[in-house]
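Here it is, the structure in full.
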Amino acid sequence: MSVESAESVEPVTLTVVDTTTASWEKFPVPEINAELDALPLFADPDTGMQVMKLIYRAGFTNPWHTHPCAHGIYVLDGTLATHQGDYPAGSFVWFPEGGTMHHGATADKDCTFLFITNKPFGIHYGDH
């Protein structure tokens, strides 16, 4: 694209969230009687993809479950404890759609992370 043609196109509107000042919400998980601290960052109305900043409090585990969406967790602080191992800050962990999993924080420290889905979020608890 030439510089001239780029200048004639309307610039995109950015979505920006200052996570240092934005208000946190409760993200209910009624099936396990839990509420997670959540900071919604983006939701795509076309695909249902979502990005949130979430906190698992020390000792919390989201027990065996599946999702109808794939999702990624980028660990910002603490350690993500999963059925496959523990992942420290700086780790990106991708969970394929439909797989059975459990994940949460280690017993000694909260885990703060970015949570990214590829389509609308859903969760199902059942027998493992």
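The values are calculated or read from the model by the stated rules, or taken from the named source; none is laboratory data. This one's a predicted model, so the numbers in the text were calculated from it and none came from an experiment. Every residue, glycine as well, gets a Cβ built from its backbone with ideal geometry; the counts of neighbours run over all protein chains shown.
Could you tell me whether residue 90 is on the phi > 0 side of the Ramachandran plot and surrounded by fewer than 14 Cβ atoms within 10 Å (Cβ to Cβ)?
yes
Let me ask something else. Condition test on residue 127, is it surrounded by fewer than 17 Cβ atoms within 10 Å (Cβ to Cβ), of a type in the set (Asp, Glu) and at pLDDT 95 or above?
On the way: surrounded by fewer than 17 Cβ atoms within 10 Å (Cβ to Cβ): yes; of a type in the set (Asp, Glu): yes; at pLDDT 95 or above: no.
Criteria not met by residue 127.
Taking segment 70-80, which residues are surrounded by 15 or more Cβ atoms within 10 Å (Cβ to Cβ) and either assigned to a strand (DSSP E or B) or among the polar types (S, T, N, Q) (or both)? So that I can check it myself, show each step before the final result.
Applying the first criterion (surrounded by 15 or more Cβ atoms within 10 Å (Cβ to Cβ)) to segment 70-80 yields 70-76, 78-80.
Scanning segment 70-80 gives 71, 72, 73, 74, 75, 76, 79, 80.
Consider residue 109 carefully, then state whether it is among the basic types (Lys, Arg), under 14 Å from the mean Cα position of the chain (by Cα), surrounded by 13 or more Cβ atoms within 10 Å (Cβ to Cβ) and in a loop (DSSP other than H, G, I, E, B). Step through it out loud before you land on a result.
Working: among the basic types (Lys, Arg): yes; under 14 Å from the mean Cα position of the chain (by Cα): no; surrounded by 13 or more Cβ atoms within 10 Å (Cβ to Cβ): yes; in a loop (DSSP other than H, G, I, E, B): yes.
No.
Read through the list (1) surrounded by fewer than 16 Cβ atoms within 10 Å (Cβ to Cβ); (2) out of contact with any Leu (no Cβ under 6 Å at 6 or more places or on another chain), then give the number of the only condition that residue 62 fails.
(1)
Name the residue that is farthest from residue 70 (Cα to Cα), counting only residues in segment 86-106 that are over 16 Å from the mean Cα position of the chain (by Cα) and of a type in the set (S, T, N, Q).
106
Also: Only one of these is in contact with an Asp or Glu (Cβ under 8 Å, 6 or more places away or on another chain) and acidic (Asp, Glu): 86, 110. Name it.
Residue meeting the stated conditions: 110.
Another one. Restricting attention to segment 112-124, which residues are hydrophobic (A, V, I, L, M, F, W, C) and buried (at least 18 other Cβ atoms within 10 Å of the Cβ)?
Taking segment 112-124 as the starting set, the residues that turn out to be hydrophobic (A, V, I, L, M, F, W, C) are 113-116, 121, 123.
113, 115, 116 - these are the residues of segment 112-124 that are hydrophobic (A, V, I, L, M, F, W, C) and buried (at least 18 other Cβ atoms within 10 Å of the Cβ).
Anything in segment 25-37 that is among the hydrophobic types (A, V, I, L, M, F, W, C) and without any contact (Cβ under 8 Å) to a residue 40 or more places away in the chain? List them, or say none. Spell out the reasoning first.
Here is the first cut: in segment 25-37, the residues among the hydrophobic types (A, V, I, L, M, F, W, C) are 27, 29, 32, 34, 36.
Result: 27, 34, 36.
Among the residues of segment 81-103, write down those that are part of a strand (DSSP E or B) and either over 17 Å from residue 117 (Cα atoms) or of a type in the set (Phe, Trp, Tyr) (or both).
As a first pass, look at segment 81-103 and keep what is part of a strand (DSSP E or B): 81-82, 85-88, 92-95, 101-103.
The answer is 81, 82, 85, 86, 87, 88, 92, 94, 95.
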